[in-house]
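The values are calculated or read from the model by the stated rules, or taken from the named source; none is laboratory data. The shown structure was predicted, so the numbers you read here are calculated from the model rather than taken from an experiment. A quick note on method: Cβ atoms are made from the backbone with ideal geometry, for glycine too, and the neighbour counts reach across all protein chains shown. Heavy atoms of the whole protein, side chains included, go into the accessibility calculation; ligands, DNA and RNA do not. Shrake-Rupley method; radii C 1.70, N 1.55, O 1.52, S 1.80 Å.
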Amino acid sequence: MSYFKYQGKNVYYEEMGNGSPLFLLHGNTASSNMFYEVAGKYAEHCRVILIDFLGHGRSDRLAQFPVDLWFDEAMQVIGLIKAGGYGPVDIIGSSGGALAAVNAALEAPDLVRRVIADSFEGETTLKAFTQNVVEDREASKRDENARMFYYYMHGDDWEQVVDNDTEAIRRHDETIGRFFHKSLETLKPDILMTGSKEDEFICALEPGFFERVYGDMIRKIGHGEIHLFDTGGHPAMLSNPEAFLERSRRFLES
């Protein structure tokens with residue numbers, strides 16, 4: 001088990017495979033365990049680096065999460081890239097991990113070569129989601145499948161992790177609302193945005209959401225690609241594993 005220090009705390013990471021470095025960034029309420037099924041397939045061609053963001057998985061716990069959570073997670077990624085001498089790297093971020101990936105690319109373009117941002121909200125919070133996040137999370141904590149997922153991600157203290165994440169989402173929406181500190185026009189690394197048209201968290205609230213939001217973002221960036229899967233849930237990376245693996249490999253090898 002490997003750790004690096006970020007603001008005096010231990011952040012867990014692990015490596016597998018050989019070749020060009022590829023970071024896989026987990027989403028909210030998850031950990032690097034979410035990539036258990038797919039990491040080995042990427043490691044056949046890449047040097048895969050997995051990270052548990054602070055407060056998650058095998059990393060040190062926090063009394064509360066930073067309000068600017070996805071920016072702080074990007075700073076953890078940049079810290080690990082520098083500490084491990086990995087750069088420049090490719091990054092695949094899923095859901096909240098996509099927000100961290102884009103932030104890392106904006107803040108350290110010399111350390112990031114390509115980004116795949118999967119199943120995320122765009123530049124700003126999705127009000128229809130955040131307005132109900134407390135109620136929805138409480139319901140998930142009573143759902144047996146969700147409880148099993150949380151336990152697999154974090155262990156016995158999973159409920160505190162979920163509560164911390166819920167509170168961070170709520171406070172971010174109330175006080176910040178925007179996910180990125182820098183303008184998208186300054187993003188230099190190549191980027192591919194992905195999602196599922198059947199995403200139960202996003203497209204159920206607004207059909208065509210990804211087409212509209214991703215399209216606006218690509219126009220601001222001035223370059224990049226979009227790939228949407230007709231079927232599958234949230235996130236597309238895990239609900240369309242084989243098709244996503246093939247599409248991401250083409251992008252990363254281009």
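A compact table of results
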{"quantity": "The range 155-208, residues that are touching a helix residue (DSSP H, G or I) at 6+ places or on another chain (Cβ under 8 Å) and aliphatic (A, V, I, L, M)", "calculated": "VAL161, VAL162, ALA168, ILE169, LEU184, LEU187, ILE191, LEU192, MET193, ILE202, LEU205"}
{"quantity": "Selection count where residues are assigned to a helix (DSSP H, G or I) and open to solvent by 70 Å² or more (accessible area, probe 1.4 Å), scope the range 203-229", "calculated": "4"}
{"quantity": "So GLY177, is it surrounded by fewer than 13 Cβ atoms within 10 Å (Cβ to Cβ) and either aromatic (Phe, Trp, Tyr) or more than 22 Å from SER239 (Cβ to Cβ) (or both)", "calculated": "yes"}
{"quantity": "Boolean, ASP52 is open to solvent by less than 10 Å² (accessible area, probe 1.4 Å) and over 22 Å from THR130 (Cβ atoms)", "calculated": "yes"}
{"quantity": "Those helices (runs of 4 or more DSSP H) lying entirely in the range 64-142 with at least 2 residues open to solvent by less than 10 Å² (accessible area, probe 1.4 Å)", "calculated": "69-84, 96-107"}
{"quantity": "Which numbered condition GLY232 misses (of (1) of a type outside the set (A, V, I, L, M, F, W, C); (2) at negative phi; (3) not in a helix (DSSP H, G or I))", "calculated": "(2)"}
{"quantity": "Set ASN28, ASN33: member being surrounded by 17 or more Cβ atoms within 10 Å (Cβ to Cβ), touching a residue at least 12 places away in the same chain (Cβ under 8 Å) and not in a helix (DSSP H, G or I)", "calculated": "ASN28"}
{"quantity": "Pick from the range 187-200, criterion closer than 13 Å to SER239 by Cα and not β-branched (Val, Ile, Thr), ranking: surrounded by the most Cβ atoms within 10 Å (Cβ to Cβ)", "calculated": "GLY195"}
{"quantity": "Failed item in (1) touching a Phe, Trp or Tyr at 6+ places or on another chain (Cβ under 9 Å); (2) modelled with pLDDT of 95 or more; (3) acidic (Asp, Glu); (4) closer than 30 Å to ALA43 by Cβ, with GLU159 passing the rest", "calculated": "(4)"}
{"quantity": "Qualifying positions in the range 235-254 - part of a loop (DSSP other than H, G, I, E, B) and open to solvent by less than 50 Å² (accessible area, probe 1.4 Å)", "calculated": "PRO235, ASN240"}
{"quantity": "Any hit, the range 203-222, residues being touching a residue at least 60 places away in the same chain (Cβ under 8 Å) and small (Gly, Ala, Ser)", "calculated": "no"}
